[in-house]
1. Which condition number does Gly281 fail, the rest of (1) modelled with pLDDT of 95 or more; (2) buried (at least 23 other Cβ atoms within 10 Å of the Cβ) being met?
2. So, of the residues in segment 311-332 that are among the aliphatic types (A, V, I, L, M) and out of contact with any helix residue (DSSP H, G or I) (no Cβ under 6 Å at 6 or more places or on another chain), which turns out to be nearest to Ala248 (Cα to Cα)?
3. Has segment 6-14 got at least one residue that is free of Cβ contacts under 8 Å to residues at least 24 places away in the same chain, polar (S, T, N, Q) and not in a strand (DSSP E or B)?
4. Tell me the residue from Arg415, Arg346 that is under 30 Å from Leu21 (Cα atoms) and not in a loop (DSSP other than H, G, I, E, B), please.
5. When you scan segment 297-316, do you find a residue that is of a type outside the set (Val, Ile, Thr), at negative phi and part of a loop (DSSP other than H, G, I, E, B), even just one?
6. Condition first: more than 28 Å from Gly38 (Cα to Cα) and in contact with a Pro (Cβ under 6 Å, 6 or more places away or on another chain). Can you find one or more residues in segment 351-372 that meet it?
7. Please state which of the following conditions Leu225 fails to meet, knowing it meets all the rest: (1) within 19 Å of the chain's Cα centre (by Cα); (2) surrounded by fewer than 23 Cβ atoms within 10 Å (Cβ to Cβ); (3) among the aliphatic types (A, V, I, L, M).
Amino acid sequence: MTTDTSLHTLANGVRVVLLHLPQLQTCSVSVFVRCGSGHERRSRNGIGHVIEHMAFKGTAVRDARQINLDAERLGAEVNAHTDKDHTAFHMRGLAAHAPRLLRMLADIVRHATFPEAEFERERSVLLHEYTEDEDDPMSTAFKLFDRAAWGLHPLAQPVIGTRANIERLRRADLVDHVAQHYTGANTVVAVAGPVAAGLLLREAEDAFGSMPTGLPNGLAAPPWLGGVRQRAMTGSSQTHLVLGFPVAPMQADDPTAAVAAALLGEGMSSPLMDQLREQRGLVYFAACSADLIDSAGQFIIEASTSPAQLDDCMDALGGLLADQASQVAADDLARAKNQIRVRRLRGLEKPGRRLEEAALDALVLGRLRQRADWLARMDAVDADAVRSLFSRMAASGAALALTGRVPRGSADRARDRLAAAGLLP
């Protein structure tokens with residue numbers, strides 16, 4: 001536990017995270033619920049995202065306009081997001097208003113009524129958002145990638161859900177889902193700023209202490225499948241690809257995947273950008289990341305190229321991955337660690353980012369990680385550990401998604417190239 005961060009647990013299981021940041025004049029207040037698209041039945045896929053929208057449309061004591069006005073008259077910013085393993089609701093305003101912001105968030109999270117008339121209006125908004133997401137070739141590539149990686153496992157479901165579900169869901173479904181998942185065992189209340197711990201703990205107890213305890217939501221680890229999926233999309237002049245492999249989930253608290261991702265693809269001097277863009281002109285942009293969530297992890301490479309250069313791009317990616325499995329340059333390893341350190345420390349200077357990291361620590365790990373400890377373990381990752389990870393990823397088999405303008409036979413040729421590089425079973 002860091003000296004400026006404390007974790008408290010109420011009798012009903014609600015965790016309260018307080019980040020004391022006396023240098024600030026504003027505060028960030030959030031409620032995180034361990035309930036995302038990975039916890040949804042297929043017939044209800046997308047319901048968490050619908051609830052995120054509808055929670056702000058009315059409570060037992062306030063309508064949608066009053067909810068907005070109460071926040072905006074204080075100058076507060078309001079936001080929310082849904083992910084595969086959690087949903088979160090946020091407010092940011094003046095530090096003196098922290099107790100009021102906490103009470104307003106509690107009203108939204110605990111007492112949303114999901115008014116029928118509001119739901120029918122918002123359903124149209126949700127369908128517009130769904131259409132926009134479907135028209136985005138990179139978003140589509142990520143959804144296909146999840147299916148290639150995890151098949152029919154719930155974690156492969158898109159956060160936004162399906163059009164049929166958005167059209168079919170009813171108010172009673174939202175009420176039932178909240179009653180089942182929005183419980184003390186799955187909730188973290190988090191506040192960052194020049195907070196008075198005693199006052200905020202009392203406010204949290206008053207607002208969330210009567211929440212039913214419930215049972216903690218779990219996510220079974222998905223088996224990794226791998227393979228190639230594609231979807232040609234009109235209106236796109238590029239081919240977009242997402243390529244990835246399995247890595248350890250968040251629970252493992254292992255920094256090796258983060259080091260490997262930074263080594264391969266962070267910055268213009270990284271092998272990914274140097275070889276694909278600077279040396280060969282195959283892409284304008286490419287990125288590499290390690291996405292670690294509850295019960296699963298993905299090592300992800302994303303890029304966009306011209307259809308005529310797709311085969312060359314796949315060959316180059318296969319060669320780069322094989323190179324990292326055989327040899328890791330000392331300069332690249334040092335660069336990657338320094339980039340991670342700076343990026344992580346810069347992120348921790350942002351209250352909202354620190355709040356989310358601490359809240360997910362509490363939800364998934366049941367504890368708060370020490371920043372210095374993680375950085376020390378990251379520094380200890382050596383070249384052998386990185387090479388070993390690249391070798392294990394290759395042995396697991398790649399998952400690849402292609403979208404946009406996809407030339408005929410692209411999936412077969414990509415599959416052949418991955419197999420030739422030893423990246424498919």
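The values are calculated or read from the model by the stated rules, or taken from the named source; none is laboratory data. Keep in mind it's a predicted model, so treat the numbers as computed, not measured. Ideal geometry is used to build each Cβ from the backbone, glycine not excepted, and the neighbour counts take in all protein chains shown.
1. Going through the list (1) modelled with pLDDT of 95 or more; (2) buried (at least 23 other Cβ atoms within 10 Å of the Cβ), Gly281 breaks only (2).
2. It comes out as Leu321.
3. So far as segment 6-14 goes, no, none of its residues is free of Cβ contacts under 8 Å to residues at least 24 places away in the same chain, polar (S, T, N, Q) and not in a strand (DSSP E or B).
4. Working: Arg415 fails: under 30 Å from Leu21 (Cα atoms).
Among Arg415, Arg346, only Arg346 is under 30 Å from Leu21 (Cα atoms) and not in a loop (DSSP other than H, G, I, E, B).
5. First, the residues of segment 297-316 that are of a type outside the set (Val, Ile, Thr): 297-299, 302-304, 306-316.
Then drop every residue that is not at negative phi, which leaves 297-299, 302-304, 306-316.
Cutting the leftovers down to part of a loop (DSSP other than H, G, I, E, B) gives us 306.
Yes, there is a match, as at least one residue in segment 297-316 is of a type outside the set (Val, Ile, Thr), at negative phi and part of a loop (DSSP other than H, G, I, E, B).
6. No: zero hits.
7. Against the list (1) within 19 Å of the chain's Cα centre (by Cα); (2) surrounded by fewer than 23 Cβ atoms within 10 Å (Cβ to Cβ); (3) among the aliphatic types (A, V, I, L, M), Leu225 comes up short only on (1).
Here is a yes/no grid of residues against (1) without any contact (Cβ under 8 Å) to a residue 40 or more places away in the chain; (2) closer than 23 Å to Arg168 by Cα:
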{"site": "Ala76", "(1), (2)": "yes, no"}
{"site": "Lys84", "(1), (2)": "no, yes"}
{"site": "Arg92", "(1), (2)": "no, no"}
{"site": "Arg110", "(1), (2)": "no, no"}
